[in-house]
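Here is the structure we will look at.
The values are calculated or read from the model by the stated rules, or taken from the named source; none is laboratory data. This structure is a prediction, so every number in the text was calculated from the model and none was measured. Here the Cβ positions follow ideal geometry from the backbone for every residue, glycine too, while neighbour counts run over all protein chains shown. Side chains are part of the model used for accessible areas, which takes the heavy atoms of the whole protein and leaves out ligands, DNA and RNA. Shrake-Rupley method; radii C 1.70, N 1.55, O 1.52, S 1.80 Å.
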Amino acid sequence: MCGIVGYTGVKPAAPILLEGLRRLEYRGYDSAGVCVGNDGALSVVKRAGKIKDLRAIVPKDLAGFWGIGHTRWATHGGVTDLNAHPHADCSGKITIAHNGIIENFAGLKEKLLSEDHLFLSETDSEVIAHLIESVYDGDLERAVKEALALLKGTYGIVVMHADEPGKVVGARNGSPLVLGIGEGEMFLASDVTAMMAYTKQVVYIEDGEVVTVQPSGFRTSDLHDNSITKKVEHIGWEIEEIEKQGFATYMEKEIFEQPEAILRAMRGRLDLEQATGHLGGLNLSSRELLNVERVKIVAAGTSFHAGIVGAYLLESIARIPATAELASEVRYRNPIVERGALHFVVSQSGETADTLYAMRELKRKGATVLGVCNVVGSTIARESDGGVYIHSGPEIAVASTKAFTSQMTVFHIFTLLMARMRNMSYEQGAQIAKELEAIPGYVSQILAEKEQIRALATKYSWAKDVLFLGRGINYPVALEGALKLKEISYIHAEGYSAAEIKHGPIARINERTPSVFLVPDDRLRDKVISNMKEVKARAGKVIAVCSQGDDEVASIADDTIQVPRVHEIVSPFVMVVPLQLFAYYCALELGRDVDQPRNLAKSVTVE
Ligand code: M6R
């Protein structure tokens with residue numbers, strides 16, 4: 001969701017800004033623009049559409065060694081060239097790019113209009129440029145601070161002034177901003193992917209901080225101009241990891257990376273000898289873990305689905321009361337923080353606004369909150385009391401796949417750890433640890449069957465409506481299967497507990513509404529088979545994901561995807577991978593933009 005970049009140095013700025021914006025495409029956007037400074041003049045080029053459209057209109061000879069850029073995900077005002085960023089003040093000497101929402105923009109705009117400022121866009125962001133203009137007296141950093149003090153809302157911004165060559169001022173409140181340190185050059189961006197090709201030395205800017213960069217160095221301070229010393233950190237990812245590496249799309253690459261990603265999430269954490277787990281980053285002693293009386297998991301989207309699996313495991317295996325809840329609901333529910341409760345926030349990006357604000361609300365109330373994140377150095381990872389990185393490597397496709405299976409892996413290991421401290425014997429623990437160790441192999445077996453799943457996707461991609469039905473630990477997997485299909489293929493899909501269809505969804509069943517049933521060989525298999533029969537009795541088509549050799553299921557379903565027969569607690573892995581592939585191939589069949597589906601953003605940094 002909105003991406004900002006800034007550059008100052010010795011190289012031509014335009015290609016670096018455009019490349020940075022291309023790297024941020026995955027965040028989701030609908031328009032883009034750059035501003036480059038040269039000889040006391042600023043040139044802005046912007047338009048609605050993709051980066052390639054912008055690239056086509058940026059003059060090849062656009063000279064200048066400093067500049068800013070932006071990818072916009074529309075909130076205030078339609079997707080038009082004029083609403084695209086950067087926005088300028090009346091004089092055209094100040095330009096800004098903004099990520100976030102200015103909540104009090106209407107009042108500020110009214111006042112600025114009464115002072116004869118001329119607005120060209122419908123955005124909330126443009127007020128920032130005019131506010132800075134209204135207080136500017138030759139010192140851009142000071143003017144930015146004065147203007148920011150008047151804003152309510154969230155922002156990550158980059159600002160430049162024609163009369164202060166080589167200088168870019170950045171600031172953050174609620175929307176991410178990272179500084180990259182190069183040799184005689186500096187970078188600013190919403191995330192590290194935009195600068196990884198040039199530097200691995202970064203500084204994470206925090207809320208309330210302002211950073212001013214020039215080719216020779218940078219200064220960080222707060223809005224009251226107190227200097228702040230920052231820690232320089234090293235990006236652990238390699239540039240190759242953010243390339244497609246021969247795959248047609250990022251989503252395909254990320255689906256196929258899962259065996260390795262799951263292995264990384266387990267490495268050093270699954271102890272086969274002691275039949276337990278080790279999660280050092282939790283920052284909790286054994287005694288503190290033993291005192292945990294309940295676990296509350298908070299997340300959004302796919303991460304929420306992984307959280308439901310986690311809650312199910314903790315209750316059924318470790319016998320610890322556990323719930324998973326949507327972050328967007330927790331924040332405004334005035335949540336109760338109970339003594340003995342341990343909270344987890346789960347977020348691939350570590351920047352999701354709903355999850356971040358829920359975490360802050362819980363912490364404000366005294367909760368211990370642990371993060372389960374992928375992006376190292378992300379806001380949630382930094383602000384939580386401790387946590388676990390899932391180590392999936394960069395996830396670029398909007399549809400989350402490898403993060404989901406890695407998040408589940410972490411909850412499986414945490415459950416094993418907690419269970420072994422409580423009721424679980426060594427023998428039971430050893431059996432579970434062995435099953436967990438086998439997960440990457442099971443996933444590889446399924447990926448090898450991709451052509452069969454592709455054929456099924458081709459067969460069913462005509463559908464306008466699909467139900468995904470599972471029970472127990474695979475109920476959240478049904479939710480995840482439906483989310484995957486709808487977000488990338490735009491086919492309407494809903495996930496339900498298979499038992500729930502009688503309470504409403506069965507009304508939708510006819511020969512044009514296929515149902516995907518998750519039928520592992522577990523305690524609830526017979527119940528799910530009864531639900532399948534109910535659908536068949538109403539002429540509904542049934543695709544069943546079931547265990548290899550399950551002839552009974554095969555005899556009822558129209559089509560089956562047969563997966564390895566595994567322990568119940570491992571079944572979400574073998575159930576979800578076929579659903580990811582099914583969604584992926586349906587979307588391809590329908591000619592969708594799989595990696596950047598319409599209207600969606602990878603990192604949802606506004607509420
Ligand atoms: O980065 P997060 O895990 O916090 O993101 C949460 C959701 O926005 C995300 O899972 C979203 O639902 C994905 N597009 C699902 O594929």
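Looking only at residues in the range 284-315 that are under 13 Å from Thr368 (Cα atoms) and among the β-branched types (Val, Ile, Thr), the one that is nearest to the ligand (Cβ to nearest atom) is Val298. When you look at Val376, is it within 14 Å of the ligand (Cβ to nearest atom), in the same structural domain as Gln431 (by TED's automatic domain parsing) and either touching a Gly at 6+ places or on another chain (Cβ under 7 Å) or aromatic (Phe, Trp, Tyr) (or both), yes or no? Yes: the conditions hold for Val376. Of all the listed residues (Tyr460, Tyr496), the sole one being over 27 Å from Val570 (Cα atoms) and modelled with pLDDT of 95 or more is Tyr460.
Each residue in the range 34-47 was checked for being among the aliphatic types (A, V, I, L, M) and farther than 15 Å from Leu18 by Cα, and 2 pass. Filtering the range 370-393 to residues that are more than 15 Å from the chain's Cα centre (by Cα), outside any loop (DSSP other than H, G, I, E, B) and touching a residue at least 40 places away in the same chain (Cβ under 8 Å) leaves Leu370, Arg382, Gly386, Gly387, Val388. The condition (being open to solvent by 50 Å² or more (accessible area, probe 1.4 Å), away from the ligand (no atom under 16 Å from the Cβ) and more than 16 Å from Lys402 (Cβ to Cβ)) is satisfied by just one residue among Gly281, Gly268: Gly268.
Looking at Ile320, Ile308, just one residue is more than 25 Å from Ser175 (Cβ to Cβ) and either in a helix (DSSP H, G or I) or outside the structural domain of Cys373 (by TED's automatic domain parsing) (or both), and that residue is Ile308. One residue stands out in the range 136-163 among those that are open to solvent by 20 Å² or more (accessible area, probe 1.4 Å) and out of contact with any strand residue (DSSP E or B) (no Cβ under 8 Å at 6 or more places or on another chain): the one that is nearest to Asn38 (Cα to Cα), namely Asp163. Restricting the range 334-358 to residues that are in a helix (DSSP H, G or I) and open to solvent by 20 Å² or more (accessible area, probe 1.4 Å), which is nearest to the ligand (Cβ to nearest atom)? Only one residue tops the list, namely Asp354.
Residues in the range 240-259 that are more than 14 Å from Ser400 (Cα to Cα) and either surrounded by 15 or more Cβ atoms within 10 Å (Cβ to Cβ) or under 19 Å from the mean Cα position of the chain (by Cα) (or both): Glu241, Ile242, Glu243, Lys244, Pro259.
When the range 522-534 is examined, which residues are found to be in a helix (DSSP H, G or I) and either touching a helix residue (DSSP H, G or I) at 6+ places or on another chain (Cβ under 7 Å) or open to solvent by 40 Å² or more (accessible area, probe 1.4 Å) (or both)? Hits for the range 522-534 are Asp526, Lys527, Val528, Ile529, Ser530, Asn531, Met532, Lys533, Glu534.
For the range 577-587, the condition of being more than 15 Å from the ligand (Cβ to nearest atom), over 19 Å from the mean Cα position of the chain (by Cα) and not in a loop (DSSP other than H, G, I, E, B) holds for at least one residue. For the range 36-59, a residue qualifies if it is farther than 26 Å from Tyr26 by Cβ, open to solvent by 50 Å² or more (accessible area, probe 1.4 Å) and part of a loop (DSSP other than H, G, I, E, B), and the qualifying residues are Asp39, Pro59. Here Tyr426 does not qualify as in the same structural domain as Met575 (by TED's automatic domain parsing) and modelled with pLDDT of 95 or more. Restrict the check to the range 329-351 and report whether at least one residue is within 15 Å of the chain's Cα centre (by Cα), under 23 Å from Gly472 (Cβ atoms) and without any contact (Cβ under 8 Å) to a residue 60 or more places away in the chain. The answer is no, given that none of the residues of the range 329-351 is within 15 Å of the chain's Cα centre (by Cα), under 23 Å from Gly472 (Cβ atoms) and without any contact (Cβ under 8 Å) to a residue 60 or more places away in the chain. Inspect the range 498-507 for any residue being under 14 Å from Val542 (Cα atoms), more than 32 Å from the chain's Cα centre (by Cα) and open to solvent by 10 Å² or more (accessible area, probe 1.4 Å) and give the result as yes or no. Yes - at least one qualifying residue is present in the range 498-507.
Let's see how each residue does on (1) assigned to a loop (DSSP other than H, G, I, E, B); (2) farther than 22 Å from Leu112 by Cα; (3) among the small types (Gly, Ala, Ser); (4) in contact with a Gly (Cβ under 7 Å, 6 or more places away or on another chain):
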| site | (1), (2), (3), (4) |
| --- | --- |
| Ser134 | no, no, yes, no |
| Gly138 | yes, no, yes, no |
| Arg142 | no, no, no, no |
| Lys145 | no, no, no, no |
| Met160 | no, no, no, yes |
| Pro165 | yes, yes, no, yes |
| Arg172 | no, yes, no, yes |
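Taking the conditions (1) within 21 Å of Val443 (Cβ to Cβ); (2) in contact (Cβ under 8 Å) with a residue 60 or more places away in the chain in turn, Lys541 satisfies each one other than (1). Within the range 47-58, residues that are farther than 10 Å from Asp81 by Cβ sit with their Cβ atoms under 9 Å from residues that are among the acidic types (Asp, Glu), at 6+ positions apart or across chains, in these pairs: Lys50/Glu25; Lys50/Asp30; Ile51/Glu25. The set of residues from the range 191-228 being open to solvent by 50 Å² or more (accessible area, probe 1.4 Å), within 29 Å of the chain's Cα centre (by Cα) and hydroxyl-bearing (Ser, Thr, Tyr) comprises just one member, Tyr198.
With respect to Ile396, is the statement that it is surrounded by 20 or more Cβ atoms within 10 Å (Cβ to Cβ), in the same structural domain as Val292 (by TED's automatic domain parsing), in a loop (DSSP other than H, G, I, E, B) and in contact (Cβ under 8 Å) with a residue 12 or more places away in the chain true? Yes; evaluated as a whole, the condition is true for this residue.
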